[in-house]
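Have a look at the structure below, then the notes.
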Amino acid sequence: MNLQEQISGNRIMNNTGQLNEIQLKVFNKVLNKLLSQNFPWWFEGIEIFRAGFNHGQKNLYMDGNIYVDADWIGEQWIKYNDYKPVPEFGNYYDDYSFGDLIGINDGWIDILKEIFLSVFNSIHGGDYPKYLSFSWLNVKPVETKKEEDMSENNFLKEHIKKVLREETGERTKLEKVITNVINRTLAEKELPENFHSVVVDVYGTNYGDGCMITLLMKRPYSEEESEMLFDVTREAKNLIKSFFKEHFLYGISISTSTIENYMKMTSD
């Protein structure tokens with residue numbers, strides 16, 4: 001179901017410019033769905049209290065709360081405010097907003113804006129907004145809860161991850177973001193028992209950057225296992241293409257390897 005189909009039954013022309021109660025519920029529902037699909041590495045939820053169209057300035061105005069990953073807040077703040085300590089977000093009288101955490105250095109910023117503008121216009125109708133500000137969205141940090149599992153299998157995974165980090169060096173931020181996107185996608189899929197983890201390598205060529213996604217297996221794998229993993233990661237690959245379509249001019253590829261072979265390859 002596309003965006004228009006999701007909201008076509010809820011469009012009510014509103015000459016005042018502001019969404020009414022029914023429209024606001026639809027606005028929140030569709031935003032939560034689309035933002036969680038497009039920005040799984042930082043988005044946790046959104047709650048818009050008021051949204052409308054300023055006919056004079058042709059802009060979308062809104063206020064509310066946006067719930068984001070707490071670690072992501074620190075990363076974004078440092079990116080745009082490296083000379084200031086990270087403030088405490090989530091207080092009622094915050095001096096800072098969501099607009100202080102995002103900017104032109106985020107390759108996905110245009111996608112984010114387009115989602116807000118297109119969803120609003122599809123619900124409200126009328127002229128298409130030319131501008132919106134995120135300065136009226138309060139930031140609510142969400143701590144990611146990690147359950148500690150020291151089973152034999154989990155211990156092996158953590159040990160191998162440590163070895164991989166030592167062998168391949170520190171991952172770039174871009175590689176970490178892509179890995180996070182893939183892991184969130186795979187969390188909802190049925191995977192082979194032989195599957196271990198995903199590793200992402202971004203590399204440069206004379207024709208532009210490329211991205212290699214390697215599916216690591218604990219031991220030698222069958223063709224059936226490899227095909228199964230390729231099918232379940234196709235969705236993640238398409239998602240990454242939509243985010244970085246202008247970045248990876250050399251393409252995005254997926255391969256399968258055992259941990260042992262991957263370590264040999266990266267150590268050469």
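The values are calculated or read from the model by the stated rules, or taken from the named source; none is laboratory data. Not measured: the values here are computed from a predicted model. Backbone-built Cβ (ideal geometry, glycine too); neighbour counts: all protein chains shown.
General remarks:
- Any hit, region 207-216, residues being touching a helix residue (DSSP H, G or I) at 6+ places or on another chain (Cβ under 9 Å) and exposed (fewer than 14 other Cβ atoms within 10 Å of the Cβ): no
- Search result, residues across region 194-233 that are charged (D, E, K, R) and touching a residue at least 12 places away in the same chain (Cβ under 8 Å): Asp201, Asp209, Lys218, Arg219, Glu225
- Subset tally (residues that are more than 12 Å from Asn138 (Cα to Cα) and buried (at least 17 other Cβ atoms within 10 Å of the Cβ)) for region 42-69: 9
- Conditions (1) more than 30 Å from Asn105 (Cα to Cα); (2) modelled with pLDDT under 80; (3) among the basic types (Lys, Arg): number failed by Arg219: (2)
- Within region 73-98, considering residues that are outside any loop (DSSP other than H, G, I, E, B) and at pLDDT below 90, the one surrounded by the most Cβ atoms within 10 Å (Cβ to Cβ): Ile73
- No other residue among Glu147, Glu167 is in a helix (DSSP H, G or I), more than 16 Å from the chain's Cα centre (by Cα) and at pLDDT below 80 apart from Glu167.
- One residue stands out in region 218-254 among those that are loosely packed, with under 14 Cβ neighbours inside 10 Å and polar (S, T, N, Q): the one that is farthest from Pro40 (Cα to Cα), namely Ser222.
- Residues in region 224-242 that are farther than 19 Å from Asn194 by Cβ and among the hydroxyl-bearing types (Ser, Thr, Tyr): Ser242 only.
- The number of residues in region 183-200 being within 18 Å of the chain's Cα centre (by Cα) and crowded, with 19+ Cβ neighbours inside 10 Å comes to 5.
Let's see how each residue does on (1) over 22 Å from Asn38 (Cβ atoms); (2) of a type in the set (Asp, Glu):
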| site | (1), (2) |
| --- | --- |
| Ile213 | no, no |
| Pro220 | yes, no |
| Glu225 | yes, yes |
| Leu229 | yes, no |
| Leu239 | no, no |
| Ser242 | no, no |
| Gly251 | no, no |
| Tyr262 | yes, no |
